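These notes are about the structure you will find just below.
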Amino acid sequence: MEVHITDNSAQILAALGLAKQAALEAIGLQAEGYAKANCPVDTGNLRNSISHAVSGDSAYIGTNVEYAPYVEFGTRKMSAQPYLKPAAEGHAAEYKAIAETYLKGG
């Protein structure tokens, strides 16, 4: 009786890497949607500037609008109107579920 062992670890690791990137993209897109939904709107410029990016093992949401931090954190004259932090932290269980779905092959 012969036993043959095939090492598929490289293929498995590659598949996991692709699943991880797809999960992070889905999480970033979902977080971007929550941030846009919670963003205060005057002209729509801030909301329209919100985007997401995936880099390494992280998904980022943010904006390049210069006044965005003043809206998020407030000033002496204006109350904070957070829209990024709640989008990132307020849905952690949902993001975990998204990651599990992708990593399980769903």
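No value in this document is a laboratory result; all are computed from the given coordinates. The model shown is predicted, which means the values in this text are computed figures rather than measured ones. Quick reminder, even Gly has a Cβ in these numbers, built from the backbone with ideal geometry, and neighbours come from all protein chains shown.
A few notes on this one:
- Loop sites by DSSP among the GluC sites (Glu not before Pro) of the chain, restricted to those with at most 14 other Cβ atoms within 10 angstrom, leave 3-65 as the longest stretch without any of them.
- Counting beta carbons within 10 Å around each of His4, His91, His52 and listing the fewest first gives the order His4, His91, His52.
- Across the range 21-103, the relative contact order, built from alpha-carbon pairs under 8 Å that are at least six residues apart, equals 34 percent.
- A full extension of the chain between Thr75 and Ser51 corresponds to an added length of 6.3 nm, given 0.36 nm per residue minus the alpha carbon distance.
- The chymotrypsin sites (Phe, Trp or Tyr not before Pro) of the range 48-85 that meet both conditions, a loop assignment by DSSP and at most 15 other Cβ atoms within 10 Å of the site Cβ, are Tyr67.
- Label point at Leu13 placed 7 Å out along Cα→Cβ; residues across the range 43-81 whose backbone nitrogen lies under 18 Å: 56-57
- Efficiency of FRET between Ala97 and Glu25 - r from beta-carbon atoms, R0 22 angstrom, step 0.05: 0.90
- Per-residue Karplus couplings for the range 75-87, computed as 6.51 cos²θ - 1.76 cosθ + 1.60 with θ equal to phi - 60°, are listed in order as 9, 4, 9, 9, 5, 5, 10, x, 9, 7, 4, x, 5 Hz, Gly and Pro entered as x.
- Sites count as exposed loop sites when they are trypsin sites (Lys or Arg not before Pro), lie in a DSSP loop, and have at most 16 other Cβ atoms within 10 angstrom; the longest stretch of the chain without one is 1-75.
- Whole-angstrom Cα spans of the chain along principal axes, big to small: 81, 23, 21
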